[in-house]
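The values are calculated or read from the model by the stated rules, or taken from the named source; none is laboratory data. Everything quoted here is computed from the prediction, not taken from an experiment. Counting neighbours? That spans all protein chains shown, and the Cβs are built from the backbone with ideal geometry, glycine included. Note: accessible area is taken over every heavy atom of the protein model, side chains too, but ligands, DNA and RNA are not part of it. Shrake-Rupley method; radii C 1.70, N 1.55, O 1.52, S 1.80 Å.
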Amino acid sequence: MFTQPTLYLGTMNGQHKITLSGVVFYVEEECRKLLTDHLNIINRSNSAVKSEEMVDEKMAEMLLDELKEEGKEVITQSAVKHFIERTRYLR
């Protein structure tokens, strides 16, 4: 279940670590709250409909796709905005 992603105290070069469905993501500091808030909304709205593990796995997969599309290792604000657009139907 995705409750609050695992956040590690402190930042490294303005990045946070978030674990979602066993996958570790590095997220820029300025977009971490936007991403975690959106993931919480999706999880709450879908928990009754689908298995929480399935929702988390799908979100992790979509975030990995965002990283591949940008060719980066850190989730940026533009990737978060694109991810939110792609997942609006899941709310």
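Brief remarks on what is shown
- Selection within the range 28-47 - of a type in the set (Asp, Glu) and assigned to a helix (DSSP H, G or I): GLU29, GLU30, ASP37
- Filtered residue count, the range 66-76, keeping only those that are exposed (fewer than 14 other Cβ atoms within 10 Å of the Cβ) and either among the aromatic types (Phe, Trp, Tyr) or part of a helix (DSSP H, G or I) (or both): 2
- Being at pLDDT 85 or above and acidic (Asp, Glu) holds for only one residue in GLU61, GLU52, and it is GLU61.
- Verdict on GLU28 being over 18 Å from ILE84 (Cβ atoms), within 14 Å of the chain's Cα centre (by Cα) and either exposed (fewer than 13 other Cβ atoms within 10 Å of the Cβ) or at pLDDT 85 or above (or both): no
- Residues located in the range 77-91, provided they are at pLDDT 90 or above and open to solvent by 100 Å² or more (accessible area, probe 1.4 Å): LYS81, GLU85
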